[in-house]
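Structure first, then comments.
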Amino acid sequence: MIASPAVVAVEDVFRREAGRVLATLIRLLGDFELAEEARQEAFAAALEQWPSNGIPSNPRAWLVDVGRNKAIDQIRRQALFRSKYPDLEFAALDQAAAVSPDDQEDDAAFGDDRLRLIFTCCHPALNIEAQVALTLRAICGLSVEAVARAFLVGEDTMAQRLVRAKKKIRDAGIPYETPPPQLLDERIAGALAAVYLVFTEGYAVTSGAALIREDLCSEAIRLGRLLDALLPDRPAIQGLLALMLLHDARRKARVTAVGDVVLLEDQDHSLWNWPQIDEGLILVERALRARGPVSPYAVQAAIAALHARAPREGATDWPQIVGLYQVLMRLQPSPVVELNHAVAVSMTDGPARALDLVDSLAARGGIDDYHLLAAVRARLLQGLGRRDEALAAYRAALAAAKLEPERRLLARRIAEFDSLPQLPI
Amino acid sequence: MQYLLLIYASESEETKMNEAAMAKVLSEYHEFTQGIVQGGQFKGAERLRPVASASTVRVRNGKTVITDGPFAETREQLGGYYLIEAKNLDEATAIAARVPSARFGSVEVRPIWPIT
């Protein structure tokens, strides 16, 4: 069946306005689930009326107004038929009736509503899985099925997770508010952590349902752009957005058609998304020049920026990358950051110095991604001409690696040993 | 002497109860409460919402950390309580963070279940 142009136009409005309408209804009604139902009823009413009456001049205000009235009707019905929690329902009714819909017509108020909703969805009293699921569902407007697929769980499991999260919001009294100034930075950090998790979920895994994963990267970037638009000139937001744009710009070059990993130094630069890189570079500069403490996201983005600039400048600025990793080790110390620092040091000071750093890291223990450490060691040992030790390290890396594309990359490295002449480098 | 009576029960068993059984328990609670009110032994009581609505507040190195759930560490034991009025969870957790023990133990913030 082919939808009529009028219906297509109506559905187009829904796609554009779904997130904002929900955010405003949640503020007006003070209840997630009630707002979702109200939005659905408003959309149904629009599908009935708009194709014949025409789309109203302010469709968003129309949808909010109709949704709100439908919800009030429903609350009244519930209050009549089963007045189990009369206080609760009349409180919601008062709240919904007290606000005139006219004062939500400007874009600024709608922007605020979505921002409020992001902070509600990413509240620290919700676990991170719930935060991410709610954000993708309520802010990005993904279907329950799409959210479930993205996180490789069944639709029922995801639906349950969302129901529990909404129940926690209601029962625990998580507010639908932009956090007060003293909490704002911390809550922004929490929201960014959820957005970054959406991104890494889409970016880190290179096997399986590739298309869905790309969707996740795009949604994370959309969320980053939305946060940047709603809370401008925040270095942490600019830094994360830049980091995601720069990494995502290399997406097509990272994996071959058959799903093999292509390392940064072997990537085909013509596959990089250069306009997106330029956008990222501008944001990095802004994030780094801002006053106040440096955001770790901005430092990571600055490292990605140096890699992105290398093809145009003819060489990678390794000394600066080493310096940036040192900053990152102070701001956000982790074994993975130390490992990356060691790799950068091998480019400036040679493999011997880098191997010392890696061995000292290994001696301290506590690294989760052991296969990465072993793979880096193998490469450094190979660079030093310590062939047997390098081979042993590659084998250890292969034994510890879990992702198929990474395993194939390591297997290729081991196979190369048989074909390469034994030369000290 | 004053004593705090802490009530433990399986939430999953409770949700399996049918309405009649639940109504019976509630009326028993009502009767019990009336009994100790008349006996002059009642100081205060509230029903708590299920653990799924709980959040835990800890303060470490001056930083407030809020997590989902009632996860007190097994080496931590219940040592006291405050009943507070707050406009939302943010205000409640901010007050919880000021409890001195939040710096070395944890404070579970659980909403009261209003009696209807």
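The values are calculated or read from the model by the stated rules, or taken from the named source; none is laboratory data. Computed from a predicted structure; not experimentally measured. Cβ placement follows ideal geometry from the backbone for every residue including glycine, while neighbour counts extend to all protein chains displayed.
Identify the single condition in (1) modelled with pLDDT of 90 or more; (2) in contact with a Lys or Arg (Cβ under 8 Å, 6 or more places away or on another chain); (3) within 14 Å of chain B (Cβ to nearest Cβ) that residue A:160 does not satisfy, given that it satisfies every other one.
For residue A:160, the exception is condition (2).
Out of all the residues in the range A:179-207, which are outside any helix (DSSP H, G or I) and away from chain B (no Cβ under 11 Å)?
A:204, A:205, A:206, A:207
Here are the criteria: (1) over 30 Å from residue B:108 (Cβ atoms); (2) modelled with pLDDT under 85; (3) small (Gly, Ala, Ser). Tell me which single one residue A:146 does not satisfy.
Among (1) over 30 Å from residue B:108 (Cβ atoms); (2) modelled with pLDDT under 85; (3) small (Gly, Ala, Ser), the lone unmet condition for residue A:146 is (2).
Restricting attention to the range B:32-51, does a residue exist that is within 9 Å of chain A (Cβ to nearest Cβ) and either in contact with a Phe, Trp or Tyr (Cβ under 9 Å, 6 or more places away or on another chain) or surrounded by 15 or more Cβ atoms within 10 Å (Cβ to Cβ) (or both)?
Yes; the residues of the range B:32-51 include at least one that is within 9 Å of chain A (Cβ to nearest Cβ) and either in contact with a Phe, Trp or Tyr (Cβ under 9 Å, 6 or more places away or on another chain) or surrounded by 15 or more Cβ atoms within 10 Å (Cβ to Cβ) (or both).
Return the only residue of A:354, A:401, A:363, A:397 being modelled with pLDDT of 95 or more and either under 36 Å from the mean Cα position of the chain (by Cα) or buried (at least 17 other Cβ atoms within 10 Å of the Cβ) (or both).
On inspection, the qualifying residue turns out to be A:354.
For the range B:93-116, name all the residues that are facing chain A (nearest Cβ under 9 Å) and over 13 Å from the mean Cα position of the chain (by Cα).
Matches in the range B:93-116: B:93, B:94, B:116.
What residue, of A:291, A:309, is in a helix (DSSP H, G or I), modelled with pLDDT under 95 and under 21 Å from residue A:241 (Cβ atoms)?
Of the residues listed, the single one that is in a helix (DSSP H, G or I), modelled with pLDDT under 95 and under 21 Å from residue A:241 (Cβ atoms) is A:309.
Does any residue in the range A:118-139 that is at the interface with another protein chain (Cβ under 10 Å from one of its Cβ atoms) come within less than 8 Å, Cβ to Cβ, of a residue that is in a helix (DSSP H, G or I) and hydroxyl-bearing (Ser, Thr, Tyr) six or more places away or on a different chain, and which pairs are these?
Hits for this filter: A:125/B:93.
Regarding the range A:141-151, can at least one residue be identified that is buried (at least 16 other Cβ atoms within 10 Å of the Cβ), without any contact (Cβ under 8 Å) to a residue 24 or more places away in the chain, more than 13 Å from chain B (Cβ to nearest Cβ) and among the β-branched types (Val, Ile, Thr)?
Yes: the range A:141-151 contains one or more residues that are buried (at least 16 other Cβ atoms within 10 Å of the Cβ), without any contact (Cβ under 8 Å) to a residue 24 or more places away in the chain, more than 13 Å from chain B (Cβ to nearest Cβ) and among the β-branched types (Val, Ile, Thr).
Tell me which residues, restricted to the range B:76-90, are within 12 Å of chain A (Cβ to nearest Cβ) and closer than 17 Å to residue B:104 by Cβ.
none
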